[in-house]
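Taking it in order: structure first as structure tokens, then the write-up.
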Amino acid sequence: MPDRRMLDQLRGGLVVSCQANPDSPLRDPYIISRLALAAAKGGAVGLRIQGFEDVAAVRAVTDLPIIGLTKTDRDDTEVYITPTAAEGVRLAELGAQIVALDATARPRPEPLTDMFAAVHAAGALVMGDVSTLDEAHAAYAQGADIVSTTLSGYTPYSRQLAGPDWDLMRELHVAGLPFVAEGRLNTPADAAQALRLGAAFVVVGSAITRPDVITGWFAQALGSHTLP
């Protein structure tokens, strides 16, 4: 079984998600590894990395804990983040100590219990990305090691918010369910607020490692104003 002390190593800290969309100029495993090193230099305690090549590239340059995932479009399901056990196992084999996967209530190609068991057998912990409190309860009941608020707003029945889902964080804390805060945390103040609401640790991606997205925020803000 995997060593749960890895979660203690991340507690109270910042995990940086280093990812780039297929059309991004940063879409290269070497560049992702440089982003990971920059995050480590800045004080990140862990990294969230998407895709086999990127996980391998990042593992080659740092010993920081990696939360690995895949993003796979399938015709038979809306589940997008690590939809199969085989993907989760491969991530573990490449050096991801934690595998993140969609743990929502949506129909999926494989049962969650089977996926969790396969990832554990491969030596990695399981992070269940959820969108509601009920999904968090179900993920823990089926064997998840930790849950994350990542998918709030990405299921039709969850809160559709422009910012972080603070209410979900409060609900998880009141219910006594350990959780990771992730999703639309765009400022240091947001990250600190998530810890105050009980998050075990915080994952931030776009606001740190996606300059195209950040530039868009500034350009949109300037474009909405009329020059004097």
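Odds and ends about this structure:
- Of the criteria (1) under 18 Å from the mean Cα position of the chain (by Cα); (2) on the phi > 0 side of the Ramachandran plot, which one residue 176 fails: (1)
- From the options 77, 70, residue that is over 22 Å from residue 5 (Cβ atoms) and in contact with a strand residue (DSSP E or B) (Cβ under 7 Å, 6 or more places away or on another chain): 70
- Some residue of the stretch 212-226 being acidic (Asp, Glu), open to solvent by 60 Å² or more (accessible area, probe 1.4 Å) and either closer than 27 Å to residue 39 by Cα or assigned to a loop (DSSP other than H, G, I, E, B) (or both): yes
- Members of the stretch 126-137 found to be in contact with an Asp or Glu (Cβ under 9 Å, 6 or more places away or on another chain), touching a residue at least 40 places away in the same chain (Cβ under 8 Å) and either more than 15 Å from residue 70 (Cα to Cα) or open to solvent by 40 Å² or more (accessible area, probe 1.4 Å) (or both), listed by number: 133, 136
Residues checked against (1) more than 26 Å from residue 156 (Cα to Cα); (2) in a strand (DSSP E or B); (3) out of contact with any Leu (no Cβ under 6 Å at 6 or more places or on another chain):
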| position | (1), (2), (3) |
| --- | --- |
| 35 | yes, no, yes |
| 39 | yes, no, yes |
| 47 | yes, yes, no |
| 57 | yes, no, yes |
| 92 | yes, no, yes |
| 109 | no, no, yes |
| 113 | no, no, yes |
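- Looking only at the stretch 1-15, and only at residues there that are outside any helix (DSSP H, G or I) and in contact with a strand residue (DSSP E or B) (Cβ under 6 Å, 6 or more places away or on another chain), the one that is modelled with the lowest pLDDT: 2
- Residue match in the stretch 42-64 (condition: on the phi > 0 side of the Ramachandran plot and in contact with a Lys or Arg (Cβ under 9 Å, 6 or more places away or on another chain)): yes
- Residue selected from the stretch 139-157 under the condition small (Gly, Ala, Ser) and in contact with a helix residue (DSSP H, G or I) (Cβ under 8 Å, 6 or more places away or on another chain), by the criterion most open to solvent (accessible area, probe 1.4 Å): 143
- Taking the stretch 3-41 as the range and being open to solvent by less than 20 Å² (accessible area, probe 1.4 Å) and either in contact (Cβ under 8 Å) with a residue 40 or more places away in the chain or on the phi > 0 side of the Ramachandran plot (or both) as the test, the residues that pass are 7, 10, 13, 15, 16, 17, 18, 20, 24, 39.
- Scanning the stretch 82-118 for residues that are surrounded by 24 or more Cβ atoms within 10 Å (Cβ to Cβ) and touching a residue at least 60 places away in the same chain (Cβ under 8 Å) yields one hit, 98.
- When residue 160 is tested against (1) under 12 Å from the mean Cα position of the chain (by Cα); (2) at negative phi, just one condition goes unmet, and that condition is (1).
The values are calculated or read from the model by the stated rules, or taken from the named source; none is laboratory data. All values reported here derive from a predicted model rather than from experimental measurement. Neighbour counts run over all protein chains shown; Cβ positions are idealised from the backbone, glycine included. Heads up: the accessible areas ignore ligands, DNA and RNA and are worked out on the full protein's heavy atoms, side chains in. Shrake-Rupley method; radii C 1.70, N 1.55, O 1.52, S 1.80 Å.
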